[in-house]
Every structure is written in structure tokens, then in C-alpha cells.
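Some notes on the structure that comes next.
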Amino acid sequence: MALHRGRGFAAVNYPIGMNLGGDPSQALVHANPDGKFTVSLSSIDLGQGMKSVTRQIAAETLGVPVEDVYVDTADSDTGPHCMGSFASRGTHRVGNAVIQAAQEARAVMLEAAAEELEVDAADLVTDGRGNIHVRGAPSRSITTMAACQAAQFRHGRTVSGRGIFLIPLSEVDPDTGEMTPVSCFAHAAMIVEVEVDDETGEVRVTDMKSAYEVGRALNPKLVEQQLRGGAWMGMSHAAWETTEPYYPDRAHGPVDFSSYLMPGPGDLAPHHISILERPAPDGPFGGKGPGEMCANPVLPAVVNAIYDAVGVRIDELPVTPEKVLRGLRAQGGARPRKRL
Amino acid sequence: MRTDSMSNGMIEFRKELFADERDDTLNEIGKPTRRQDILGHVTGRSPFYDDHLFHGLLHMRCARSPHHAARIRRIDTTEAELSPGVVRVLTGRDVPLNLNTLLSLLDFGIDDEPVLSTDRVRYRGEPVAAVIAESEAAAREAAAKVRVEWEVLPHVLDVEEAIRPGAPVVLEIYPGNRFVYHGRYDHQKLRFGDVEAAFRTADHIIEGRYQISPIEQAPIETCGAIAAPETNDRYVCYTSTQALFFSLATTSKLLRLPSSRLHFIGGTVGGGFGGKVDSVHEPLAVLGAMLTGRPVKFMWDREEEMQVGGPRGAERWYIKDGVMRDGRIVARKFTGYFDSGAYTRLTSYAVIKAVGHLPGPYTIPNVHADVYCVFTNRTPATAMRGFGITGVDFAIEAHMDKVAEAVGMNPIDLRILNAYRDGDMKAHRRVAKNCALIECCQVVAEKAGVQLTSASRAASSRQGGGGERGRIPAHTALDQVGRVEGFDTGSYARKPARQAQATAARPAAAAPAPAPPQPRVPRLEPSRAASAAPPIPPAPAQPAQTGGPARSGPIRFSSISGFRRR
């Protein structure tokens, strides 16, 4: 009886945003008199960082420091309509709506600054640190706070903006399936190493090496958080989780976390991540949304690695010790392939 | 070469790739800014829906079906109502519009699922009554005292058994146990080129069967909502929803309440992963608040989250590839079955998403897919991370490994050889752009020390695509297999009636003879069975289903509003 090591590979792409479109999201942006901005959304932060990524997008577009922006989410009385946080649509759809709203608010702020500086608004730039100045002449400047104050208390204008982003609905041809499913795709490839115990049938994932292409990484820490968590979930889908262990039989359905198994910290494999950034032409600053796709390559990579290790094909997920042992028995023991 | 300073051995940013397509000098974008909500999260002080407690809060628990399928002869709530602490027991009669399909807000599908079943249950765990009591324990105790006279019916749990003639019918409006697409077919088709002709020219034929079982989203915070009457004749609802206006609009529709009387608050959610879009809790919590005049909480416990909350649905896939000796895949054929469970929820849409994804990130000149949304007597499936894609990606990539072995290639070389590139035509007839699969494969191979061929190392997503690869095949084989009659042209998107311009090249195998012309019927009333199964008499009308077409909700929150004449 022995432990067998193997490696498995998989590569995927993933459609970003709700399939077929037809899913608008809106944003409102407004400034207090002192140039501090609020972004109002009805979008949901599930822990993925919706509030934070839209905050950075708004600050970048407005040209103010991120500290000058806060995002308020999900009150139907104050936040404009959003289809919701699903289908990898949050960053892509809501981010674009926030850009549009912030651009409108920025334009008012720059017009007020232009009036105060007695220059043309088209000649003004922001430095991202709270100042607006004439392009090429940093000394002719006004703070974003002073510009917002002037707009509201001298010019009687609201420094605010409205944004909406919509990809129009696509038709689907019943006969050919012709359609425009989405406008951009994220990508991933992964090699997983496993160790298979031919006595117990247990499979342990011992290492993961991945490359994820996510468009522009709008916040690299939030991207990393998604990729680590998502790959863990993929590993869990591959070899641990199901609500129906004998599907399609409904027997033995788990009812709590002592029967619904997931890998704990001790089961986590080291995950070496490489991030590639090919900006999406229609994504906010090129961002795509890494949240969903990061789990997907792990599932097939694990079964391919098991085959590499012991020569057993597991075509039904999740991989269980029972399936591995039955496979080993059917072929008379481990038959390592070692192809990768 | 690797220019990123944040690399710590476990993560690196390969900034040199696609650098000419990015402006990396922005102020805030690309910075690892700390989350605005992190302090609240790590100190346990961020308010989630369950933190909004009210004086006099009532608790709701459901009585549920113990059977996979049964007719309800009688629901007796007398004993439950007398149970200590019980304020009110709701049944389907209390729900103003007790029938919905989630995607009716997108004008897609037929209302099929009651909030509380009155006449029939179609899965184990389906709710038939909701007890509202002073404490959760009292509600739990009383829910066990709801007496139901069941007439157990035959059930079906396997997707392929469910579509055989004579299988028990899960949902009367879909007599073939298959969702109907575009009013025309019992599945969604993808046709690109001619796979059968290409199979005849291929050096290898490689076939496989794959399956993924249902998976629980497993958020730490279980799904739920707390609703309370406000003093201004409105109802506030704190919710764990992933889609605030989806839940608001669903509540508005089912309770026949203008959206202006609903104030939904959410936005900070303890994990979703797709399991919090079904809007199961909000309508019942608000209804409870309306009927008792008090705040009501409806929240699943962990067992409900795992067994009656919609999981990632199971899928079964058959793949057949035609492959040349050098590894080029020249034809790929799919048959896919999505297990929707007892009701449609979102599975009809998952099928279309999957079809738009096929044949995976590869340029294959001949692709054919038949993908079915199948009804079975299990918990309705719903969204989960990777929705519509995770299962088929598992199938495709496990299959690619078999293809690599059959042609004796390194599996990474095989992917790069077949990878889609900018300018290639995809099977759904749109040109690929912004591709990066090849580069991901190259980076992983380099990291893992896998030796690629020189052709693989030199390949690029930005070169070698388009041209012949960017053209739609001159000939696509079409067919009428799976044609159904009697359904109006309901579709995800309404399509003006048009004749298929390409000529059907193959005889329509197994297609029923054309039906005689018949008057158009409302979509709610399929007039004929979609399969050879004898017509099933319609279920007794839902008590609350009067007053116009059930699917026209009071409000729509989609761009598709007005897209369709009624």
C-alpha cells in the first residue's frame, strides 16, 4: 500500500456579467459642501468587496483621494436600482455605472473650479490628492473642497452625478443558439498536485499553481482574496462537498457542518498564484471580475491529477474515497501515469 | 522580468504581459486599498440582517413535505394554532398571489412555484404552512403540529429517467419534464457546422460522460429576512438578499403591494455564493408582518439551508469529440442535462448561459449541443458561483485530458493548440476578442517546469486568430428534434417570427409531424403535451391565481419591460 503523487492540468474561461445582458445597474454620486463624496448604490457587498472596489473607481474618476469617498449600499429608498450581486456582474456593471455618475459630478466640480480660477474647465486636471490645477501650471490651483464649496454656496449647483450601465438584451436563436452571451471573459489555467492513498482511497491536494487573467486588477488584495477563497472552494467542490452524496438518490443528505464536509485549514494546499491583466475594453478601467471563475479550473485539475497518480478516471463529482477505491479495485490496483 | 513589487512567493503580478494595453499610472486603481468595511467585519460589529432586532419580534417556521411527491388532501392547522405562543398560521390561501417564477421579472418562463403549496408537493421539504409564534422554539413546536393528509404520488429523481415517456410528471405545465425554450423546443440547441460529417473525417473519436452532484452554497449567515410594519403604512424588510430589487419586486408581485410601500435594506451580507437570490424569505416575512401587525423574522436553520435551500443543481454531460492525429479537435458534440429540481427558479437561464459557453475556450469548427432543463422531484436548484459553467467546465477539462492521452500529447500543448484567439469565430457566432487562455497556460507551464513545444511557447492570443478561423461555417446542419407545440413563443428574448435561413440539411429525426394550425393560446395554458405522454389534467386552480395573468407582476425591474406586447 502506498501514496501516489500526480499532477493534473485544466484551463478555463469565464463569461463576465449577466448572460445576454438586459441587466442595468445604477449609481448616484454627490458631494458634501466640503468636497467629501458619497456613492449611493442598491448593490450588495457579500464580502467580495463591492463597497471597496466601487469606492476606488469613484475616487479615480472624480480625481479625489479614496478617503474622500464612502459607498452606501442597498437601501431601496436611497440607492437606485441594481439587478444584484451575482453572475460576476458587480464590478463590471456597477463599476461602469459609478464611472458615469462620478464623471458627471466631476464635471460640475471642475466647472466650479474653472469659474473660481477664471480659466476654461477643459484646461483643468486633478492630482488625485485633493487639488485641481491648470494643466501644466500646478501653481494655479484650487482644492476639491474649495471647488465643491464654491459650487454649492456661490454658484448654487449640486456636485452630483447619475450613472447607469446597461448591456442591451441579446436574443437567442432557437435553432442555432446564436446569441451575444457576454462582452468579456476572464481566463485561468492551473496545475494541481495530489497525493492518493491506494489503501484508503483518500485524496489530498498538496499544491496548486495557477495563472488567472482578470482584466485589470482594480484592487490586487481583493483579487487575491477572491482567488484564494475561490480556489479553496473549487478544491472543496472537487473532493468534499455535496448535499446528495448518492445523487440521484436523496439518501444521506447532510444537515450540518459535521456531515457536510469541507476542507479545514489543515487541508489547504499552498497556492502559487500568477495574475495576468489584459484589460477588458468595456470593463471599468479594464476590470473583469475574478470572483466566480477562480473555482472552476480546480475541479477538473484534481480529477486529472488523480488519473495521473493512480490511473483511475473519476468522472462524477465529488471524488470520494469510495469512488477511488472502487476504481482501483476495478483495474487491479494503482497504475500511475506520470504524464505531466 | 517580473516587475511586481508585491510578489511574496505565493502571488505575483505578471505586469509584462499585455502591458501595452494598460495605463498603469492611475491614482487609486490598482492599489491594495484596505476595505472600507473591514474594521466592522473583523471586530464583529458590522450589522447584518439578523442584527436588526425589534421589540416584540415574532418568529416564522415552515411545516414541510416529508414526501418527494404527494397530493395534499387536507391541511389541518387547528392543533398548531392552539400551540403555546402561536400568533398565526399561514397557508397558501393567505398569499395574495401564490404562484411565481423567479425570472418572471425578466419576462422569462411560466409561473410555476407556490409560496406555500395548497394542493400538491413536488419535493421533500416543500413548505405547506408557515407558523408565526412568539419564539423560535414555539414556532418549531407548532410547525410539527400542522397535520396534512397526504396522498403519496410516484416520483422521479434521475434526469434521464425523468424525460423517458411515461415518467411521473413533476410539473403539469411541462408535461415532458423539460422546460420549453422559445415556445419551440424542449431544449436549447447550439448548431455550428456539421459535427457528424466531421466525425467521419476524424482520426479519433473520444467520448465521455460526466456528472456533478448538488452543492450547498454554505454561507456562514443562513438566508433570511426580518420585516416590520413602519408607521407610514409601509413595511421595512432587512434581508440577506444578493439582489435587493429582485427581492423587492418579487415581494411586490406576490403580495400585490406597490413597491412604494416596501422599504428594503440589505447590502452587507454574510456570504452569498448565489444562494441568496431566490427571494424565498422576504415575501413571507412581509406577509407575516402585514397579517400580525408585528415584526416577523423568517430565517432558515442550517438543516433548511442545506436541504430545502436551492443548491447548485446537479448536471450530467455527454461529450463526443472528433480529433485529428495532431491534436486538432474538429468536432465536439454535447448533450447536457441540468437538474432543475421541482421548479424552474433559475435553471432555465443556466442552460442558456452554458450553451453560450460551449465548446469551452477552444476554437472548434463544428459544434453541436442539446442542453435540457429537466424537472425532477428534488429541491429546486438555484444559482451558485460559476453558475451554468462550473459543471460543464469540469466535463470539458476532464475530457480534454482524455483527448490528450488519446493523441499522445502533453495536456498543456493540447490546450494551446486548440485555444481560441482574438478574431476567431465562436460557436455562438460572435468574434472572440480580449483572449488570454494561451498566456495563462504558458505561465502555469513555466511555473511548474512543464516543457512545452516551441510552437506552444511561441503562441499568442493576439496572433494567428481570425482569417479562416473567424468565419461562420458555410454549412450548418439544422434539425427539428425536440419540437413542441402549444406553447406561445415565450423566450428569453422575443424573437420576431422568422424562418431559419439556413436550410435544414438532415432529416428531422424524431420530430413529430407538423401539427395542424391552431389558434394561439396564452402562454400560461399549454394546450398540448410536449411529449408522447398522455395529457395530464391541470392541477386544481390556485385559490389566489385570479385577476389576470399571474406572470404580469406589478412592476418590472428589467430593461425588457415593454419588450413584449401582451
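When segment A:6-56 is limited to residues that are charged (D, E, K, R) and assigned to a loop (DSSP other than H, G, I, E, B), the one that is farthest from the other protein chains (Cβ to nearest Cβ) turns out to be A:Asp34. Residues of segment A:164-185 that are more than 22 Å from B:Val367 (Cα to Cα) and under 18 Å from the mean Cα position of the chain (by Cα): A:Phe165 alone. Only one of the numbered conditions (1) aromatic (Phe, Trp, Tyr); (2) crowded, with 24+ Cβ neighbours inside 10 Å; (3) outside any helix (DSSP H, G or I) is not met by B:Phe246, and that is (3). Looking only at segment B:301-337, residues that are open to solvent by less than 20 Å² (accessible area, probe 1.4 Å), out of contact with any Phe, Trp or Tyr (no Cβ under 7 Å at 6 or more places or on another chain), within 30 Å of B:Thr241 (Cα to Cα) and not small (Gly, Ala, Ser) come to 5 in all. Return yes or no: is B:Ile438 aliphatic (A, V, I, L, M), within 30 Å of B:Met306 (Cβ to Cβ) and open to solvent by less than 40 Å² (accessible area, probe 1.4 Å)? Considered against the rule, which asks whether it is aliphatic (A, V, I, L, M), within 30 Å of B:Met306 (Cβ to Cβ) and open to solvent by less than 40 Å² (accessible area, probe 1.4 Å), B:Ile438 comes out as no. Is it the case that B:Gly266 is within 13 Å of chain A (Cβ to nearest Cβ), of a type in the set (Gly, Ala, Ser) and either out of contact with any helix residue (DSSP H, G or I) (no Cβ under 8 Å at 6 or more places or on another chain) or without any contact (Cβ under 8 Å) to a residue 60 or more places away in the chain (or both)? Considered against the rule, which asks whether it is within 13 Å of chain A (Cβ to nearest Cβ), of a type in the set (Gly, Ala, Ser) and either out of contact with any helix residue (DSSP H, G or I) (no Cβ under 8 Å at 6 or more places or on another chain) or without any contact (Cβ under 8 Å) to a residue 60 or more places away in the chain (or both), B:Gly266 comes out as no.
Across segment A:186-220, the number of residues qualifying as more than 7 Å from every other protein chain (Cβ to nearest Cβ), in a strand (DSSP E or B) and in contact with a Lys or Arg (Cβ under 6 Å, 6 or more places away or on another chain) comes to 4. Residues of segment B:20-39 that are within 7 Å of chain A (Cβ to nearest Cβ) and part of a helix (DSSP H, G or I): B:Glu21 alone. In segment B:286-299, the residues that are not assigned by TED's automatic domain parsing to the domain that holds B:Leu116 never reach a residue that is open to solvent by less than 10 Å² (accessible area, probe 1.4 Å) and at pLDDT below 95 with C-beta atoms less than 8 angstrom apart, at least six apart or across chains. Residues being in a helix (DSSP H, G or I), touching a Leu at 6+ places or on another chain (Cβ under 6 Å), under 20 Å from B:Ala354 (Cα atoms) and of a type outside the set (Asp, Glu) are represented in segment B:393-403 by at least one member. Picking from residues in segment B:1-27 that are open to solvent by less than 30 Å² (accessible area, probe 1.4 Å) and closer than 21 Å to A:Leu227 by Cα, the one that is modelled with the lowest pLDDT is B:Asp4.
When segment B:345-382 is filtered for residues that are closer than 25 Å to A:Tyr246 by Cβ, in a loop (DSSP other than H, G, I, E, B) and open to solvent by less than 10 Å² (accessible area, probe 1.4 Å), the ones remaining, listed by number, are B:Thr376, B:Asn377, B:Arg378, B:Thr379, B:Pro380, B:Ala381. Is it the case that A:Thr242 is at the interface with chain B (Cβ under 7 Å from one of its Cβ atoms), over 30 Å from B:Arg430 (Cβ atoms), part of a loop (DSSP other than H, G, I, E, B) and open to solvent by 10 Å² or more (accessible area, probe 1.4 Å)? When the stated conditions are applied, A:Thr242 passes them. For segment B:183-195, the condition of being more than 14 Å from chain A (Cβ to nearest Cβ) and surrounded by fewer than 23 Cβ atoms within 10 Å (Cβ to Cβ) holds for none of the residues.
Candidates are the residues of segment B:401-415 that are in contact (Cβ under 8 Å) with a residue 24 or more places away in the chain and at the interface with chain A (Cβ under 9 Å from one of its Cβ atoms); the one that is nearest to A:Pro300 (Cα to Cα) is B:Lys402. For segment B:60-97, taking the residues that are assigned to a strand (DSSP E or B) and not hydrophobic (A, V, I, L, M, F, W, C), the one that is least open to solvent (accessible area, probe 1.4 Å) is identified as B:Arg61.
The values are calculated or read from the model by the stated rules, or taken from the named source; none is laboratory data. Being a predicted model, the structure only gives us computed values, none of them experimental. Here Cβ is always computed from backbone atoms with ideal geometry, including for glycine, and neighbour counts include all displayed protein chains. Areas reflect the complete protein model, heavy atoms only, side chains present, ligands, DNA and RNA absent. Shrake-Rupley method; radii C 1.70, N 1.55, O 1.52, S 1.80 Å.
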